[in-house]
Amino acid sequence: MAEFNNVRSVTEMPEGNHAKRSFHHRMFLEPQEKKRSMKALVVKQAKKTCSCTPAKVKDYVFGFFPVLQWLPKYKLREYLLGDIMSGVIVGVLLVPQSIAYSLLAGQEPIYGLYTSFFASIIYFIFGTSRHISVGIFGVICLMIGQVVDREIQRAGYDLEPAVLSVLTDAAAYVNTTILPVNQTLQKLLCDKSCYAITVGATMTFIAGVYQVAMGFFQVGFVSVYLSDSLLSGFVTGASFTILTSQAKYLLGLDIPRSSGIGSLIATWINIFRNIHKTNICDLITSFLCLLVLIPTKELNEHFKSRLKAPIPVELVVIVAATLASHFGKLRETYGSSVAGHIPTGFLPPRPPDWNLIPNVALDAIPIAIIGFAITVSLSEMFAKKHGYAVKANQEMYAIGFCNIIPSFFHCFTTSAALAKTLVKESTGCRTQMSGMVTSLVILLVLLVIAPLFYSLQKCVLAVITIVNLRGALRKFKDLPKMWHLSRVDTVIWLVTMAASALISTEIGLLVGVCFSMLCVIFRTQRPEAPLLGWVAESETYESLSAYKNLQTKPGIVVFRFEAPLYYINKECFKSTLYKQTGVNPVWVKAAKKKAAKRMLREKEVDSSGNQTSISMDFVSEPLGFHTIVIDCCAVQFLDTAGIRTLKEVCKDYREIDVQVLLAQCNPSVRSSLIRGEFFKEGEDHLLFHSVHQAVDFALDAEGHSGTSSSK
């Protein structure tokens with residue numbers, strides 16, 4: 001532990017036959033002993049990591065499978081009822097959403113049910129949060145759908161029917177010969193929906209591998225670059241793209257899905273070009289569903305404190321719409337687009353298509369980052385609320401395995417979802433046992449009920465997806481409050497939202513991250529740098545521009561720089577210091593030299609002229625202060641440019657008889673100054689632990705110099 005010693009610095013001043021001594025109290029910190037060498041630390045860590053004991057194996061297994069820790073301690077009477085109720089309710093809500101979001105991801109409805117089923121089971125085993133609901137998330141489904149559409153187009157599935165028929169016949173012919181089959185023709189042997197889930201599952205596998213790798217290498221710090229305002233803006237911007245992608249189903253239009261940069265604008269242009277082809281039956285159905293869903297959702301939200309469980313209006317709408325479509329023969333009579341055949345049971349497992357990995361590896365990176373960032377942030381939020389701890393690293397493993405394992409069972413990417421997590425928490429969830437109950441509800445649908453949704457119109461699924469975007473779109477109401485709290489965060493939100501909506505989701509995320517980092521750089525590039533005044537009857541110094549009734553010490557200027565001092569803001573530091581003190585030492589030195597030269601010339605012309613006295617008066621004109629104290633409490637670090645800047649400032653001011661003192665430097669800054677040889681031998685006492693100490697020292701030193709000069 002560091003020791004604090006009060007030591008007196010003694011300065012002797014000759015005064016006739018007597019010696020007058022000035023005592024300046026200084027504080028010395030005794031540094032800790034040097035730690036072991038890096039080699040010793042590496043060896044120690046390697047031994048610790050590679051050692052294997054029964055206790056360590058047990059801890060590792062229990063840490064990797066958290067279910068083994070909490071399941072034996074499960075309080076049946078206390079937890080079971082709440083877990084069953086929340087599991088059933090979330091399952092009932094998840095069934096229609098799984099079917100609807102499958103459409104958004106460019107997949108058949110059955111694959112959405114598979115995804116929700118497997119995700120709940122796997123998170124039950126690996127997850128550390130008791131409350132979050134892992135499953136389908138709209139924004140990630142949108143990102144998957146964009147990649148799926150692109151790969152389907154590349155593979156030739158969006159060709160005209162006549163061309164597609166010729167290619168299929170050619171594939172069948174070539175298959176009966178010994179000639180090698182072209183890769184495109186091979187793909188055509190798998191129909192469009194089969195290829196779509198192959199692309200989705202392959203990308204899910206890669207995203208899961210990325211997430212597990214991030215957990216293994218403990219690079220979860222990546223998520224710190226995704227601030228709350230950035231994520232919120234990204235989700236809102238993506239919500240506009242989701243709404244746009246679903247608008248064609250509301251109108252019953254059969255138009256290709258736009259992808260790439262500017263897809264939102266391109267989609268709306270296509271919609272308005274084809275609006276005369278609107279299916280009136282789908283339009284009326286969409287309008288009626290909106291009339292039922294929106295008010296009921298609002299009632300659920302308004303009376304959530306009184307309702308034991310939210311009204312499952314989505315399930316009611318799906319059942320009613322399916323019955324109306326089936327008995328009204330809407331597909332046969334009006335040409336409405338329906339969900340089609342949804343098989344029961346499970347398809348046999350199949351590995352991802354390894355040949356597709358180069359095509360989707362880059363696309364999986366933002367999906368993996370968004371997935372684990374949302375999952376970890378929700379886990380920590382609900383853990384803090386309910387007073388337990390989650391392991392962020394284990395959460396990355398959990399969400400990674402929720403993607404890797406299901407990718408072999410025809411599933412697409414999952415993450416935690418806020419809306420379903422809130423429902424789960426509010427309906428009595430106590431542990432992840434509720435996730436198993438949710439899986440059983442979905443299993444019942446998969447084994448028995450799924451085929452009954454054959455006649456369900458796609459426009460109903462689109463309405464469900466759009467209505468669930470209300471939360472993200474409502475963020476616009478929070479903008480005035482956000483602006484009042486932080487204008488920088490508001491601008492980050494607006495830039496990320498606009499980029500995600502108008503350019504593309506992936507580029508929007510990248511733009512948001514880059515812009516938020518630039519904002520941090522700009523804030524340190526031109527930080528606040530006020531002059532400080534003394535608070536009477538205290539040892540505190542505060543900003544003169546922020547507070548009234550502060551006092552200044554004669555001949556002393558106290559300056560605070562509120563940012564790290566490094567290569568980006570070093571010029572700002574110097575210019576602000578010169579502006580605040582009113583003295584640029586470089587200009588003063590130049591003026592003195594110029595005046596001295598002029599004086600010499602005038603002496604040569606006329607040794608008794610008046611101009612010489614004016615020049616001498618200018619040269620000896622007082623500056624108004626003799627000491628600058630730089631308060632470094634807000635300087636987190638120095639780089640080489642920062643150290644060089646401080647050296648230059650001290651040297652320049654010293655040359656015009658102004659001393660510069662540093663106060664309140666943190667250990668990192670002090671260490672940088674020592675390594676950078678900032679202090680000359682014997683000058684380390686000019687570094688002070690408080691502004692008050694530095695000011696007292698300056699006053700004391702000036703008092704003695706004044707006494708000495710008078711003598």
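The table for this structure:
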| quantity | calculated |
| --- | --- |
| Distance between the range 389-424 and the range 485-526 - C-alpha centres, whole angstrom | 27 Å |
| Accessible-area value, Arg470, 1.4 Å probe, nucleic acids and ligands omitted, Å² | 50 Å² |
| Hypothetical label at Met381: residues of the range 393-416 whose amide nitrogen lies under 13 Å (7 Å Cα-Cβ projection) | 416 |
| Full-extension gain in nm, Thr278 to Leu452, via 0.36 nm per residue minus C-alpha separation | 60.0 nm |
| Karplus 3J(HN,Hα) series, Hz, for the range 326-341 with 6.51 cos²θ - 1.76 cosθ + 1.60 (x for Gly, Pro) | 5, 7, x, 6, 5, 5, 6, 7, 10, x, 5, 7, 10, 5, x, 5 |
| Leu531 - accessible surface, heavy atoms, 1.4 Å probe, Å² rounded to 10 | 40 Å² |
| The range 317-457 - percent relative contact order, Cα under 8 Å, separation 6 or more | 52 percent |
| Accessible surface, per residue, of the range 633-697 when the full set of protein chains is kept, probe 1.4 Å, Å² | 48 Å² |
| Amide H partners (placed H, <5 Å) of Leu661, local residues excluded | Ile628, Val629, Ile630 |
| For Val338, residues with placed amide H under 5 Å, excluding near neighbours | Lys458 |
| Order of exposure, largest accessible area first, which applies to Glu562, Glu314 with probe 1.4 Å | Glu562, Glu314 |
| The range 319-379 versus the range 431-447: alpha-carbon centroid distance in Å | 18 Å |
| Solvent-accessible ranking of Val219, Val445, Val316, largest area first, probe 1.4 Å | Val316, Val219, Val445 |
| Å² per residue, accessible surface of the range 370-444 at 1.4 Å | 33 Å² |
| Carbon + sulfur, % of accessible area of the range 216-299 - ligands and nucleic acids excluded, 1.4 Å | 71 percent |
| Members of Lys248/Lys391; Lys329/Lys477; Lys589/Lys680; Lys58/Lys384; Lys39/Lys651 lying beyond 32 Å, as alpha-carbon distances in this model show | Lys248/Lys391; Lys329/Lys477; Lys39/Lys651 |
| Listed pairs Lys73/Lys304; Lys385/Lys424; Lys277/Lys420; Lys277/Lys458 exceeding 25 Å between Cα atoms | Lys73/Lys304; Lys277/Lys420 |
| Exposure rank, largest accessible area first [Leu142, Leu80; 1.4 Å] | Leu80, Leu142 |
| Residue-wise HN-Hα coupling along the range 235-247, computed from phi with Karplus coefficients 6.51, -1.76, 1.60 (Hz; x: Gly, Pro) | 5, 5, x, 5, 5, 5, 5, 4, 4, 5, 5, 8, 4 |
| Added length on full extension, which subtracts the Cα-Cα distance from 0.36 nm per residue, Tyr74 to Ser690 | 216.3 nm |
| Of all accessible heavy-atom area on the range 100-163, the percent that carbon and sulfur account for (1.4 Å) | 57 percent |
| J(HN,Hα) series, the range 149-157, from Karplus relation 6.51 cos²θ - 1.76 cosθ + 1.60, nearest Hz, glycine and proline x | 4, 5, 5, 5, 5, 4, 7, x, 6 |
| With DNA, RNA and ligands ignored, accessible area of Met381 (1.4 Å probe; Å², nearest 10) | 100 Å² |
| Whole-number percent relative contact order across the range 354-432, with pairs defined as alpha carbons under 8 Å at least 6 apart | 31 percent |
| C-alpha center-to-center spacing [the range 549-603, the range 214-281] in angstrom | 55 Å |
| Fully extended contour minus Cα-Cα distance, from Phe346 to Phe476, at 0.36 nm per residue | 42.6 nm |
| Solvent-accessible area, 1.4 Å probe, carbon plus sulfur percent, for the range 375-488 | 68 percent |
| Those chymotrypsin sites (Phe, Trp or Tyr not before Pro) in the range 70-133 that DSSP places in a loop and that have at most 14 other beta carbons within 10 Å | Tyr74 |
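The values are calculated or read from the model by the stated rules, or taken from the named source; none is laboratory data. What you are looking at is a predicted structure, and each value in this text was computed from that prediction instead of being measured. For neighbour counting, all protein chains shown are included, and Cβ atoms are generated from backbone atoms with ideal geometry for every residue, glycine included. Just the protein is used for accessible areas: all its heavy atoms, side chains included, with ligands, DNA and RNA removed. Shrake-Rupley method; radii C 1.70, N 1.55, O 1.52, S 1.80 Å.
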